[in-house]
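Written below as structure tokens is the structure these notes are about.
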Amino acid sequence: MAKELYSLGTIVYLKEGTQKIMVIGRGVVYQDEESNTEVFVDYMGCAYPEGIDPNQTIFFNTENIDQVLFEGFKDEDETRFLTVFEEWESGLDIPKKKID
């Protein structure tokens, strides 16, 4: 069974958050400034309704989501993406960043 991820365009509140966040990327690999290592997270988001600001990108995982306000579009391409994502994630040797 494919991993359950929210689709692009989904709008959420993060735990203890007051700003709506829109999912704009999934399975994001980046250089963590704290540990100076490459890590990955489930999601990349931006403030809603402001939109993308490269200096304000928000990285988070499924467990950081408190409430889903709107789910983004899903179709057969989304189903295929989730299957490919699960395969990609199972082969990773990059640690998943724990976000508190």
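The values are calculated or read from the model by the stated rules, or taken from the named source; none is laboratory data. No experiment lies behind these values; they were computed from the predicted model shown. Backbone-built Cβ (ideal geometry, glycine too); neighbour counts: all protein chains shown.
For M44, the stated conditions hold: it is outside any loop (DSSP other than H, G, I, E, B), without any contact (Cβ under 8 Å) to a residue 24 or more places away in the chain and touching a strand residue (DSSP E or B) at 6+ places or on another chain (Cβ under 8 Å). Here D77 clears all of (1) loosely packed, with under 11 Cβ neighbours inside 10 Å; (2) in contact with a Lys or Arg (Cβ under 9 Å, 6 or more places away or on another chain); (3) outside any loop (DSSP other than H, G, I, E, B) except the condition numbered (2).
Among the residues making up the range 1-18, those that are hydrophobic (A, V, I, L, M, F, W, C), more than 18 Å from D100 (Cα to Cα) and within 12 Å of the chain's Cα centre (by Cα) are L5, L8, I11. The residues listed here are E71, E86; of these, the one that is out of contact with any helix residue (DSSP H, G or I) (no Cβ under 8 Å at 6 or more places or on another chain), touching a residue at least 40 places away in the same chain (Cβ under 8 Å), among the acidic types (D, E) and under 14 Å from T10 (Cα atoms) is E71.
Among residues belonging to the range 1-25 that are in contact with a helix residue (DSSP H, G or I) (Cβ under 7 Å, 6 or more places away or on another chain) and modelled with pLDDT of 95 or more, point out the one that is surrounded by the fewest Cβ atoms within 10 Å (Cβ to Cβ). Before the answer, list the steps.
Just the residues of the range 1-25 that are in contact with a helix residue (DSSP H, G or I) (Cβ under 7 Å, 6 or more places away or on another chain), to begin with: 2-3, 5, 7, 14-15.
Checking which are modelled with pLDDT of 95 or more leaves us with 7, 14-15.
Numbers: S7: 16, L14: 19, K15: 12.
Looking at residues that are in contact with a helix residue (DSSP H, G or I) (Cβ under 7 Å, 6 or more places away or on another chain) and modelled with pLDDT of 95 or more, I get K15.
Only one of the numbered conditions (1) farther than 18 Å from V84 by Cβ; (2) of a type in the set (F, W, Y); (3) not in a strand (DSSP E or B) is violated by Y13, and that is (3).
Just checking, does the range 19-31 include any residue being over 13 Å from the mean Cα position of the chain (by Cα) and not in a loop (DSSP other than H, G, I, E, B)? Yes, the conditions are met somewhere in the range 19-31.
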